[in-house]
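Below is one structure, written out as structure tokens, with a few remarks after it.
The values are calculated or read from the model by the stated rules, or taken from the named source; none is laboratory data. All values reported here derive from a predicted model rather than from experimental measurement. A quick note on method: Cβ atoms are made from the backbone with ideal geometry, for glycine too, and the neighbour counts reach across all protein chains shown.
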Amino acid sequence: MLMSGRFGAHGGAFVPEVLMPALDQLEAAFLAAQEDAGFQAELAALLADYAGRPTPLTLCRNLGPGRIYLKREDLLHGGAHKTNQVLGQALLAGRMGKRRLIAETGAGQHGVATAMAGALFGLPTRIYMGDRDVERQQLNVFRMRLIGAEVVPVAGGLKEAINEALRDWTASFEDTHYLLGTVAGPHPYPLMVREYQRVIGREARAQMLAAEGRLPDAAIACVGGGSNAIGLFADFIADEQVKLIGVEAAGKGLDGGEHGATLQRGRPGVLHGAETYVLQDADGQVSESWSVSAGLDYPAVGPEHAFLKDSGRAAYVGATDAEALVAFALLARAEGIVCAFESAHALAHALKIATEGAVLLVGLSGRGDKDMAQAQALL
Amino acid sequence: MSRYAALFARGEGVFGAFVMLGDPELAGSAAILDDLVAGGADMIEVGIPFSDPIADGPVIQAAAARALAAGVRPADCFALIRGFRDRHPEVPVGILTYANLVLARGRDRFYRAAREAGADSVLVADVPLHEAAPFVAAARAWGVAPVLIAAANTPVERLRRIARLGEGYVYCVARPGVTGADEEVRLDHGEMLAVLRAAGAPPPIFGFGISRPDHVRAALAAGAAGVICGSAIVERIARGEDVRDFVAAMKAATFAEPVPID
């Protein structure tokens, strides 16, 4: 391994020794591809012609006060930002000669994006998904199977799905790429997924300058594992006047045990290959998280977010299930946009802090089709 | 001389038995540890149950889940080891666990607790060489052997560093994948063992998939100083069976004339 994979005190590669050569190979392939104009051109063409980039920046006409801009990853092919980095990793998998893809999924959006890549590149694809998420995201389960992926339910949620994918990969790495869906996990995933999601903030920054002639006061995104937030934040980190705000799932309230607010209520530890904040008990047993949105229902978080929290560059706050549902319904009524429950957390916080004269950038990470059945039951 | 050194100095193939502490519950677990010794186990490896054991297959995962469901905590596990140490002063005991349990207690406090319980070594399943330095330092500070893992796919330079840093024994992964009781064992370790030996590594012990007496014979014939058997024992515990006869049969295989598997 050429790099430490650290973000300050966080990150690293905490996996069984037998997996290290697979991470070495991935790191080498990723770093080589970053310098390879042919690879970058191929990825850029896929992002444009297959996935539909650039995505628009939409100024809310009716929500306010102030000016609230939405970065529309919900309009990306697949229905969420996940497609950006899945295409990058799938190209790498091909370069490494892998013949099979595996992935975990929470809400199903990463599973759908991976299934799409499997179909596009002709690679058999297996998706691990917690059984409680299979239950509440039936539409995405059907969509993955329609696209040709095998969906394997695992007892539990996103955490258990990642456990099972890691176990599969420990035995199958010779011919299989583990297409991890977020900026969590061992090095090089947090770095690699950030680089493939960076396009969100790069576009949004330029679009914002074109629309307003200035940068936003704050960039706001929801954080589960944290890939859409890192993607939005990355190109704003050097712009110190832009506040970076990650919105975690406060679930049924931060003071109870039922939330996914890892950065606000967790302690440093190791889960799924990285040193980072983890929701856990006094002994170090990992807690069950909760969120109405499957994609934010995760008891750890990408290590770079842990670093951004410790350094103070980003702030992390919570939005409850109820606040997210209100924002979800409000966006539908006011703007005619049905977003994912996950993205509604970011919007809920934007609406809390919006003032006259403020310019806010909200990462609308995905569309809400997958949440229709749940919304029907809850609203 | 450490307990491991004394054991390896006997010059016979070593049979190590793994169980999850607190499985199925605390009192039963203490009795099972005694049964392993009664059956002839030369060294004992004990798991401290963790909620998310990514290096373990279904059998060991289920054992951890049973122990956690029984309310077993790391402090209970250290007490079980202490009790075992008092009853069996000579038998080496190694802890197998995961990084988050070590860090939650505090690295220094964890290794101190291991030492005070009478454990001889600690292996942290999700700490590869890349992350091992602070764990090795804390282990050494408390006189606990840091056991590291080597695999057939581990690059040569890394094997040499594992040989230098590790103490007690080297846990050699007999195949890719997670723990489990296999029908066939895959033994393709000639180069790994040669590199470890040349670099002055502690004795190689083979684990992962060792579940039958012929696996024991094959591993010893391939150059292992011994084996660790886990899932096959834990399966018997899950079924409520006595483990002594199985351990005795596995230990007996360490004396048999080595027969290479082809």
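Filtering the range A:326-377 to residues that are closer than 24 Å to A:His110 by Cα and of a type in the set (Asp, Glu) leaves A:Glu342, A:Asp369, A:Asp371.
Evaluation of A:Val326 against the conditions (1) within 13 Å of chain B (Cβ to nearest Cβ); (2) hydrophobic (A, V, I, L, M, F, W, C); (3) out of contact with any strand residue (DSSP E or B) (no Cβ under 8 Å at 6 or more places or on another chain) shows that the sole unmet condition is (1). Each residue in the range B:62-108 was checked for being charged (D, E, K, R), within 12 Å of chain A (Cβ to nearest Cβ) and more than 23 Å from B:Leu148 (Cα to Cα), and 2 of them qualify. If you check A:Ala165 against the conditions, is it under 19 Å from A:Leu101 (Cβ atoms) and in contact with a Ser or Thr (Cβ under 6 Å, 6 or more places away or on another chain)? No; evaluated as a whole, the condition is false for this residue.
Within the range A:273-290, take every residue that is in a loop (DSSP other than H, G, I, E, B) and at pLDDT 95 or above and give me the one that is surrounded by the fewest Cβ atoms within 10 Å (Cβ to Cβ).
First, pick out the residues of the range A:273-290 that are in a loop (DSSP other than H, G, I, E, B): A:273, A:279, A:281-285, A:287-290.
Filter again for at pLDDT 95 or above, leaving A:273, A:279, A:281-285, A:287.
Numbers: A:Gly273: 31, A:Leu279: 26, A:Asp281: 12, A:Ala282: 10, A:Asp283: 18, A:Gly284: 25, A:Gln285: 18, A:Ser287: 18.
Among those that are in a loop (DSSP other than H, G, I, E, B) and at pLDDT 95 or above, it is A:Ala282.
For the range A:247-294, filtered to residues that are farther than 18 Å from A:Ala306 by Cα, of a type in the set (D, E, K, R) and free of Cβ contacts under 8 Å to residues at least 40 places away in the same chain, the residue that is farthest from the other protein chains (Cβ to nearest Cβ) is A:Asp255. The residues of the range A:218-232 that are part of a strand (DSSP E or B) and either surrounded by fewer than 24 Cβ atoms within 10 Å (Cβ to Cβ) or hydroxyl-bearing (Ser, Thr, Tyr) (or both) amount to a single one, A:Ala218. With the requirement that a residue be more than 14 Å from every other protein chain (Cβ to nearest Cβ) and under 20 Å from A:Gly5 (Cβ atoms), what does the range A:302-313 give you? Once the filter is applied, which keeps residues that are more than 14 Å from every other protein chain (Cβ to nearest Cβ) and under 20 Å from A:Gly5 (Cβ atoms), the range A:302-313 yields A:Gly302, A:Glu304, A:His305, A:Phe307, A:Leu308, A:Lys309, A:Asp310, A:Ser311, A:Arg313. Considering each residue of the range B:109-125, count those that are within 10 Å of chain A (Cβ to nearest Cβ) and touching a helix residue (DSSP H, G or I) at 6+ places or on another chain (Cβ under 6 Å), and give that number. Looking only at that region, the number is 2.
Report yes if A:Ile200 is β-branched (Val, Ile, Thr), within 12 Å of chain B (Cβ to nearest Cβ) and either touching a Leu at 6+ places or on another chain (Cβ under 7 Å) or in a helix (DSSP H, G or I) (or both), otherwise no. Here the answer is no, as A:Ile200 does not meet what is asked.
Just the residues that are among the hydrophobic types (A, V, I, L, M, F, W, C) and farther than 15 Å from A:Val359 by Cα, please, taken from the range A:238-253. Walk me through it before giving the result.
Taking the range A:238-253 first, the residues among the hydrophobic types (A, V, I, L, M, F, W, C) are A:238, A:242, A:244-245, A:247, A:249-250.
Within the range A:238-253, A:Ala238, A:Val247, A:Ala249, A:Ala250 qualify.
Elements of the type helices (runs of 4 or more DSSP H) sitting completely within the range A:2-96 and holding at least 3 residues that are within 14 Å of chain B (Cβ to nearest Cβ) and modelled with pLDDT of 95 or more: these cover A:20-34. Taking residues in the range A:63-88 that are at negative phi, and partners anywhere that are acidic (Asp, Glu), the pairs with Cβ atoms closer than 6 Å and at least 6 places apart or on different chains are A:Pro65/A:Glu356; A:His81/A:Glu73. Looking only at residues in the range B:8-61 that are within 14 Å of chain A (Cβ to nearest Cβ) and of a type in the set (S, T, N, Q), the one that is nearest to B:Pro92 (Cα to Cα) is B:Gln61.
Looking only at the range A:100-143, residues that are under 17 Å from A:Leu87 (Cβ atoms) and in a helix (DSSP H, G or I) come to 13 in all. In the range A:155-175, the residues that are at the interface with another protein chain (Cβ under 8 Å from one of its Cβ atoms) reach residues that are aromatic (Phe, Trp, Tyr) with C-beta atoms within less than 7 angstrom, at least six apart or across chains, in these pairs: A:Lys159/A:Tyr298.
Please pick out the residue among A:Gly185, A:Gly148 that is within 14 Å of another protein chain (Cβ to nearest Cβ), part of a loop (DSSP other than H, G, I, E, B) and more than 22 Å from A:Phe341 (Cβ to Cβ). It would help to see each step written out before you state the result.
On the way: A:Gly148 fails: within 14 Å of another protein chain (Cβ to nearest Cβ).
Unique residue meeting the criteria: A:Gly185.
Looking only at the range B:97-106, decide whether some residue is closer than 20 Å to B:Asp34 by Cα and in contact (Cβ under 8 Å) with a residue 12 or more places away in the chain. Scanning the range B:97-106 turns up no residue that is closer than 20 Å to B:Asp34 by Cα and in contact (Cβ under 8 Å) with a residue 12 or more places away in the chain.
With the condition kept exactly as written, say whether any residue in the range B:209-218 is under 13 Å from A:Val18 (Cβ atoms), within 14 Å of chain A (Cβ to nearest Cβ), surrounded by 24 or more Cβ atoms within 10 Å (Cβ to Cβ) and at pLDDT below 90. Please lay out each step first, then the result.
Taking the range B:209-218 and keeping what is under 13 Å from A:Val18 (Cβ atoms), we get B:209.
Restricting the remaining residues to those that are within 14 Å of chain A (Cβ to nearest Cβ) gives B:209.
Narrowing the set further to residues that are surrounded by 24 or more Cβ atoms within 10 Å (Cβ to Cβ) leaves B:209.
Among the residues that remain, those that are also at pLDDT below 90 are: B:209.
Looking through the range B:209-218, at least one residue is under 13 Å from A:Val18 (Cβ atoms), within 14 Å of chain A (Cβ to nearest Cβ), surrounded by 24 or more Cβ atoms within 10 Å (Cβ to Cβ) and at pLDDT below 90.
Within the range A:200-215, the set of residues being surrounded by fewer than 24 Cβ atoms within 10 Å (Cβ to Cβ) and in contact (Cβ under 8 Å) with a residue 12 or more places away in the chain comprises A:Arg202, A:Glu203, A:Arg205, A:Gln207, A:Met208, A:Ala211, A:Glu212, A:Arg214, A:Leu215.
Counting only residues that are within 12 Å of chain A (Cβ to nearest Cβ) and buried (at least 24 other Cβ atoms within 10 Å of the Cβ), how many does the range B:131-153 have? It would help to see each step written out before you state the result.
Keep residues of the range B:131-153 that are within 12 Å of chain A (Cβ to nearest Cβ), which gives B:131-135, B:147-153.
Okay, now just the ones that are also buried (at least 24 other Cβ atoms within 10 Å of the Cβ), so B:147-151.
The total comes to 5.
Being farther than 30 Å from A:Gly185 by Cα and in contact (Cβ under 8 Å) with a residue 24 or more places away in the chain is a property that does not hold for B:Gly28.
Among the residues in the range A:143-154, are any closer than 16 Å to A:His272 by Cα and charged (D, E, K, R)? The answer is no; no qualifying residue exists. In this entry, B:Pro128 is excluded by the filter for residues that are surrounded by fewer than 24 Cβ atoms within 10 Å (Cβ to Cβ), within 14 Å of another protein chain (Cβ to nearest Cβ) and either within 17 Å of the chain's Cα centre (by Cα) or not polar (S, T, N, Q) (or both).
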